[in-house]
Structures are given as C-alpha cells and as structure tokens.
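*Asks:* Questions regarding the structure given below will be posed in turn.
The values are calculated or read from the model by the stated rules, or taken from the named source; none is laboratory data. Keep in mind that this is a model prediction, so the values were computed, not measured. Because the Cβ atoms are built from the backbone with ideal geometry, glycine has one as well, and the counts that use them run over all protein chains shown.
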Amino acid sequence: MLLKKSSNSGEKNGVSYLNVYSYVVEDVVIDTGSQSLHTHLGPIIDAADFEQVMITHFHEDHTGLCSLY
C-alpha cells in the first residue's frame, strides 16, 4: 500500500509518499500500520470484517492500529 503523506518520507515528482505494509489475506490482517495513518486506514478497517490480526514484529509502524480491530 502506498499512501500520500504530507512530510518527506520519500519524494517522487514533487509528491511525498510513505510505504505502508499492511496486508489482508482472506479474513486475516497482517500488520496494522502506524497510528499516524489512522485517517487513511481507519475507514478501510471500519468497513471490513476481520477474524484475526497477525503482527510480524512489535514496532509501532506494524502494531499502531491494533486497537481498532
């Protein structure tokens, strides 16, 4: 998932981007993304019905939105 971001994580053609790795496989979410992405990912999470969340490791950019599930 590639999200447009206001600060400089990476820049291409004058637009800043942030790579976000959060996957959905059937009814399982793998990593949730950072809390700072709540505005972008919150509506997707709210609209979906997941059975499980798997976390690959305990860094905030992978666990930050766990509380929404």
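*Asks:* Considering only residues that are over 8 Å from the mean Cα position of the chain (by Cα) and at negative phi, which ones fall in the stretch 17-34?
*Replies:* Residues of the stretch 17-34 that are over 8 Å from the mean Cα position of the chain (by Cα), as a first pass: 17-19, 23-30.
Listed by number, the residues that qualify are Tyr17, Leu18, Asn19, Tyr23, Val24, Val25, Asp27, Val28, Val29, Ile30.
*Asks:* Hey, any hits in the stretch 39-46 for a residue that's modelled with pLDDT under 85 and of a type in the set (D, E, K, R)?
*Replies:* Checked against the condition, which is being modelled with pLDDT under 85 and of a type in the set (D, E, K, R), the stretch 39-46 yields at least one hit.
*Asks:* Also, I was wondering about something else. Taking Ser6 and the conditions (1) exposed (fewer than 11 other Cβ atoms within 10 Å of the Cβ); (2) modelled with pLDDT of 85 or more; (3) of a type in the set (Ser, Thr, Tyr), which numbered condition does it fall short on, given that it satisfies the others?
*Replies:* Exception for Ser6: condition (2).
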